[in-house]
Amino acid sequence: MKRSLPPGLLVIAALALSAWTEPPKGYLPDGAHPDGRRLLPPPPEIGSATWTVEQAQFEATRALEGSPRWAQAIRDTDLSGEEAFRGFSCAAGVRLGPDTTPVLAKMLLRLIHDGRPLYNPPKDFYARKRPAVGNTAPICVPREPWIETNGSYPSGHAMIGYSWSLILAELAPDRATELIIRGRDFGDSRAICGVHWQSDVEAGRTLATALVARLHADPGFMADLATSRAEVEAARKLGSPEGCPGA
């Protein structure tokens with residue numbers, strides 16, 4: 001059964017970004033995706049040493065509310081619009097987006113669909129509660145019903161963001177370090193936001209590597225990757241993106 005992304009993965013209204021539109025379908029046919037449930041170990045058990053550390057991390061990062069890192073976590077909720085492309089543009093040193101790299105922009109959005117068959121099975125099987133459940137601690141998105149009902153392990157959001165960083169690092173290898181850091185920070189924002197445990201984020205990265213590896217055997221993806229490489233090279237002539245930290 002096909003499902004929409006939970007609202008927390010959409011552009012939050014406070015950012016006044018363009019409305020979410022369902023991305024185009026993915027590249028892989030049904031049954032061709034890696035088995036996300038088999039790829040991941042079980043999440044840390046409640047009361048375990050890892051769980052205790054993660055609980056302390058959740059409590060400590062609530063103090064970040066209102067800080068620049070908290071604001072970044074809010075911006076990193078965007079998987080579809082202006083903020084998503086801006087952050088990765090700064091890391092790539094290239095203006096990415098529908099206007100400058102249209103095939104690449106569409107390709108990245110297609111990964112949202114391709115990611116679901118990997119992360120939904122372990123989400124449903126483990127049904128891990130999110131750190132924001134059972135308390136009123138501040139989180140960086142509105143407290144909506146999906147927080148109570150959508151499984152925490154793994155983080156689909158972290159998976160998609162890290163997938164993007166891996167693909168973009170291939171297209172702009174001279175910026176590979178910056179792009180992988182951006183993908184890492186994009187996922188870490190989910191723990192800072194308070195909607196995922198750190199192990200959820202790390203599990204998302206594991207699934208990202210499996211998805212990107214599998215996509216490299218898909219002819220449609222590889223054709224778009226080649227076109228995207230040419231787009232990135234052309235976009236370099238437009239100059240560096242504006243509004244980046246340190247620019």
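Points to keep in mind about this one:
- Single residue of Ala60, Ala73, Ala49, Ala84 found to be aliphatic (A, V, I, L, M) and either in contact with a His (Cβ under 7 Å, 6 or more places away or on another chain) or at pLDDT below 95 (or both): Ala84
- Selection within the range 141-164 - assigned to a helix (DSSP H, G or I) and crowded, with 24+ Cβ neighbours inside 10 Å: Gly156, His157, Ala158, Met159, Ile160, Gly161, Tyr162, Ser163, Trp164
- Extreme residue, surrounded by the most Cβ atoms within 10 Å (Cβ to Cβ), among residues of the range 93-115 that are more than 12 Å from the chain's Cα centre (by Cα) and farther than 24 Å from Lys237 by Cβ: Asp114
- Pro98, sole failed condition from (1) without any contact (Cβ under 8 Å) to a residue 60 or more places away in the chain; (2) part of a helix (DSSP H, G or I): (2)
- Residue within the range 215-225 that is within 30 Å of Pro42 (Cα to Cα) and surrounded by 13 or more Cβ atoms within 10 Å (Cβ to Cβ) present: yes
The values are calculated or read from the model by the stated rules, or taken from the named source; none is laboratory data. Remember, it's a predicted structure, so these values are computed and weren't measured experimentally. Heads up, the Cβs are rebuilt from the backbone with ideal geometry, glycines too, and the neighbour counts pull from every protein chain shown.
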